[in-house]
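The values are calculated or read from the model by the stated rules, or taken from the named source; none is laboratory data. These numbers come from a predicted model, not from an experiment. Don't worry about glycine lacking a Cβ; one is built from the backbone with ideal geometry, like all the others, and counts go over all protein chains shown.
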Amino acid sequence: MSRLLVFASAIAFFAFASVARAEGVALTFDDLPTMALTGDAPYALKTTTALLAGLRRHGAPATGFVIGERLEGDGGSEHTRLVKAWRDAGMGLGNHTYSHDSLNKTPVADYIADVEHTDRILRPLLAARGRPLQWFRHPFLETGDTLETRRAFESWLAAHGYRVAPVTLENSDYVFALPYDDAVLRNDTVAATRIRRAYLDHTANVVAWYRAAAFQLLGRRPSLVFLLHATRLNADTLDDLAVILQRNDLHPISLDRAMKDPAYKIADTYAGPDGDEWLSRWARTLHKDLPWGSFPEPPADIVAENDRLDTNP
Ligand SMILES: [Zn+2]
């Protein structure tokens, strides 16, 4: 074998090995059309356009979870156009309720009526492209504080062809999002750069933590489902987020494909006040602990800035 051929085979082998080793990550974006400090239409359009262009650039499939209320009333038709842009970019769309209320704080019949309201908006929008509506994500990841509530709602979901979209990776992006909007809207590029940097550092830390925690819990590396929000911050950092995922051997896959990982068959029978992500739920089922002692917290100054700006916690 020539030296060149040996070299080429070695490269092919390492390329193969890295593909075989890489885990999948499904990107999911909550609170469509956008989550922002401002209701300004051009700002929302810019966020949406940049997010979709970034996802396309990285060949990343994503699923967006729509707050139905935003598609009606003030700005409703512009917001509907943004959600259609997600659909027409080939991204998945899911139901995130109409009013973004918590199942833990709403009678189940009212909650179902609220979800049905968004169903009536979203289903025809997808059907126009021959696509079904199949994903639901609970606001605040609150899945019911009693088993009775949980089961009542989940049987409604199943009867209407829905699957619950779990979360196994999250970076508290919402804590950084409003301070970032504030900096962008004030044209304060120094603050915007500082927040972007803090956000990416924090994300790098939490991605490493979740991968390690999942490995500790399952003894292998499962595909992850990443909860993000449809924000200007994510639109402006998508290239850097992609690098962080790549460095962690996480390659983008669809939500459907991520959920084919057998980990997502682990029972989750939690009923209680916490809006936990699914590693915590599985840890409960498996009677194991996650290494919370080493969990990276977002920087205190940004948390304080967010508390000042978030008038709708
Ligand atoms: Zn939400």
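Within segment 231-238, identify whether any single residue is assigned to a helix (DSSP H, G or I) and either surrounded by fewer than 18 Cβ atoms within 10 Å (Cβ to Cβ) or within 16 Å of the ligand (Cβ to nearest atom) (or both), and answer yes or no.
Among the residues of segment 231-238, at least one is assigned to a helix (DSSP H, G or I) and either surrounded by fewer than 18 Cβ atoms within 10 Å (Cβ to Cβ) or within 16 Å of the ligand (Cβ to nearest atom) (or both), which makes the answer yes.
Any chance you could count how many residues in segment 20-34 are out of contact with any Asp or Glu (no Cβ under 9 Å at 6 or more places or on another chain) and closer than 16 Å to Val83 by Cβ?
6
Residue-wise test of (1) in contact with an Asp or Glu (Cβ under 7 Å, 6 or more places away or on another chain); (2) over 30 Å from Glu23 (Cβ atoms); (3) loosely packed, with under 15 Cβ neighbours inside 10 Å.
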| position | (1), (2), (3) |
| --- | --- |
| Val115 | no, yes, no |
| Leu126 | no, no, no |
| Glu148 | no, yes, yes |
| Gly161 | no, no, yes |
| Asp181 | no, yes, no |
| Asp188 | no, yes, yes |
| Ala191 | no, yes, no |
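Looking only at segment 31-51, which residues are away from the ligand (no atom under 16 Å from the Cβ) and of a type in the set (D, E, K, R)?
Asp40, Lys46
How do the helices (runs of 4 or more DSSP H) wholly within segment 67-164 filter down when requiring 3 or more residues that are over 19 Å from the mean Cα position of the chain (by Cα), at pLDDT 95 or above and more than 22 Å from Leu45 (Cβ to Cβ): which remain? Spell out the reasoning first.
Values: elements: 76-88, 108-127, 147-159.
In segment 67-164, 108-127, 147-159 are the helices (runs of 4 or more DSSP H) which contain 3 or more residues that are over 19 Å from the mean Cα position of the chain (by Cα), at pLDDT 95 or above and more than 22 Å from Leu45 (Cβ to Cβ).
If you scan segment 64-81, which residues turn out to be under 20 Å from Ala165 (Cβ atoms) and in contact with a Pro (Cβ under 6 Å, 6 or more places away or on another chain)?
Arg70
Between residues in segment 220-236 that are within 14 Å of Gly94 (Cβ to Cβ) and residues that are more than 15 Å from the ligand (Cβ to nearest atom) and hydroxyl-bearing (Ser, Thr, Tyr), which pairs lie under 6 Å by C-beta distance while being six or more apart or on different chains?
So the pair list comes out as Val225/Thr168.
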